[in-house]
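Right, one structure below, let's go through it.
The values are calculated or read from the model by the stated rules, or taken from the named source; none is laboratory data. Keep in mind that this is a model prediction, so the values were computed, not measured. All Cβ positions, even for glycine, are placed from backbone atoms using ideal geometry, and neighbour counts span all protein chains on display. Just the protein is used for accessible areas: all its heavy atoms, side chains included, with ligands, DNA and RNA removed. Shrake-Rupley method; radii C 1.70, N 1.55, O 1.52, S 1.80 Å.
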Amino acid sequence: MSEARLEMSADRLRANIAAVRARIAPSTLLFAMKDNAYGHGLEWSARTAVSSGVEWFGAYDVHSALRIRREIGNGGRIFAWATSEDDEIDAALRAEIDLGVGSADYLTRILVIARALGIVARVHLKIDTGLHRNGIRPEDWKDAVTQARAAENDGSIRIVGIWSHIAEASDAEDDASLTVFRNALADAEALGSRTDVVHLTASAAAWWRPELRGSMSRIGAFCYGIRSAGGPELEGLSPVATLTAPVLSVSADGVRIAIGSLDGLPSTLGGMTAGTAEGPAVIRKIGLTESVIEPWSGAEVGQRVWLFGPGAHAEQSATDLAERIDTVGEEILTRLSPRVPRVYVS
Ligand SMILES: *Cc1c(COP(=O)(O)O)cnc(C)c1O
């Protein structure tokens, strides 16, 4: 094998999911799988999560939600939160996908399609708690809930959830978001709404701030063992993915390995280390398809070196690399190109 490879461990994904669920209980895990499950592969991640007993899945867009539905079959709840086109709404309702709704206009479009299909749409109404990305503004909230409640009464939708997304940038901001969220829940309840779930937090807030958790938590990064940039190590979690590359040649000038920026390794990572049989060795240069590492004794063609993830030598995580270039671990993983074969192991 003369190729770099990204190896994904099902055992580690399952162990992380178990640790996350234990940590957030009694809040239910919604396993977030945007960006092709953060580069790990949507189908494999869904299948592995099902074998861990996960019942809620999160896909950003309807297209990914449908792929998850095909993989897991009937049963299981799939939540897609991107505001979508009418043909996508149609496909989502037929496949029993729950839809996140962040505007009155989107709600209206869903109602029309649900009525035409004779399907009860399951919607999760989103209150904007400060991020201003997508979400019903607090001043419009009661009107939107009133509209949704009327549609609930005529049988075209069910309001199954109320949710929001928070910045996780500072505790003070998140506390302010919680206040807005609680007011929205109280308003909805006063208007007669009875939901299955409420959800506000993603990985970091769900892990560190129990008081913010709703009855459900949408967690991606930590399930894949990706810790927050600038954040501490996470007890009981380990990276699911390991990136390695084989040695192509050895000389006094350096050891060439088969991975470069075309594979998605940021060239600005030059100067970081790679793990070798002798311990960490500095990567001198990241080229297009090859990189050069400082020589170590015993280096041989065909040996593998570790770029990130659990392995025999010099462990470092995608987030460790990301921190060197001011980004996040998720980006290191999602940037890896399809040129790098994905290998799935137990
Ligand atoms: C990405 C995302 C999540 C998951 O975030 P992590 O930090 O990866 O756990 C949850 N909710 C929404 C709306 C998201 O976009």
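When the Karplus curve 6.51 cos²θ - 1.76 cosθ + 1.60 is applied with θ = phi - 60°, which whole-Hz ³J(HN,Hα) does each residue of the stretch 77-83 get, with x for Gly and Pro?
Values per residue, Gly and Pro as x: 10, 10, 10, 10, 10, 6, 5 Hz.
Distance in nm between label sites at Ser215 and Ser267, each 7 Å beyond Cα in the beta-carbon direction?
Label at Ser215, label at Ser267, 5.3 nm between them.
How big is D, in µm² s⁻¹, for the chain by Stokes-Einstein at 10 °C and 1.306 mPa s if Rh is the Kirkwood radius over C-alpha pairs?
Answer from the Stokes-Einstein relation: 74 µm²/s.
Give me the net charge of Ala22's neighbourhood, meaning all other residues with Cβ under 15 Å from the Cβ of Ala22; Lys, Arg count +1, Asp, Glu -1.
Summing Lys/Arg as +1 and Asp/Glu as -1 gives +3.
What translational diffusion coefficient, in µm²/s and rounded to a whole number, does the Stokes-Einstein relation yield for the stretch 1-135 at 37 °C and a viscosity of 0.692 mPa s, taking the hydrodynamic radius as the Kirkwood radius over Cα pairs?
Once the numbers are plugged in, D ends up at 205 µm²/s.
Tell me the per residue accessible area of the chain using a 1.4 Å probe; a whole number in Å² is fine.
With all protein chains present, the chain gives 42 Å² per residue.
Enter the Cα centre distance for the pair the stretch 115-141 and the stretch 13-28, rounded to the nearest angstrom.
27 Å
By how many nm would the segment from Ala229 to Arg133 lengthen if fully extended, with 0.36 nm per residue of separation less the alpha-carbon distance?
My answer for the length gained is 32.4 nm.
Using a 1.4 Å probe over the heavy atoms of the protein chains, calculate the carbon and sulfur portion of the accessible area of the stretch 208-341 as a whole percent.
Here carbon and sulfur together make up 51 percent of the probe-accessible area.
Along the Cα-to-C-beta direction of Asp140, a point sits 7 Å from the Cα; which residues of the stretch 182-222 have their amide N less than 20 Å from that point?
182-189, 191
On a C-alpha basis, how far is the centre of the stretch 175-225 from the centre of the stretch 271-309 in Å? Whole number, if you could?
44 Å
Around Ala258, what is the net charge, scoring Lys/Arg as +1 and Asp/Glu as -1 over all other residues with Cβ under 9 Å from its Cβ?
-2
Per DSSP helix of 4 or more residues, -39500 (n - 2.57); summed, then divided by the residues of the chain. What does that give at 222 nm, rounded to the nearest 500?
The helix-only estimate for the chain comes to -10500 deg cm²/dmol at 222 nm.
Summing Lys, Arg as +1 and Asp, Glu as -1, what charge do residues with Cβ under 14 Å from the Cβ of Met8 carry, Met8 excluded?
Here the charged neighbours net out to +2.
Using the crude model of +1 on Lys and Arg Cβ and -1 on Asp and Glu Cβ, and no other charge, please compute the dipole size for the chain relative to its Cα centre, in debye to 20.
700 debye
Modelling each spin label as a point 7 Å along the Cα-to-Cβ direction, I'd like the Asn36/Ala95 distance in nm, to one decimal.
My value for the distance between the label points is 1.7 nm.
Over the stretch 48-132, with every protein chain in place, what whole percent of the accessible area is carbon and sulfur at 1.4 Å, could you tell me?
Result for the stretch 48-132: 49 percent of the exposed heavy-atom area is carbon or sulfur.
For the charge dipole of the chain, defined by +1 on Lys and Arg C-beta atoms and -1 on Asp and Glu C-beta atoms about the Cα centroid, which residue among Leu185, Pro210, Gly73 has the Cα displaced farthest towards the positive pole?
Checked the options; the winner is Gly73.
With a Förster radius of 45 Å, plug the Cβ-Cβ distance of Ala252 and His63 into 1/(1 + (r/R0)^6) and report the FRET value to the nearest 0.05.
0.30
Would you kindly compute the Cα radius of gyration of the stretch 237-346 and its largest Cα-Cα separation (Dmax), both in Å?
Final numbers for Rg and Dmax: 12.9, 39 Å.
Taking R0 as 22 Å, what FRET efficiency do you get between Arg284 and Arg339 from their Cβ-Cβ distance, rounded to the nearest 0.05?
Working from the Cβ atoms, E equals 0.50.
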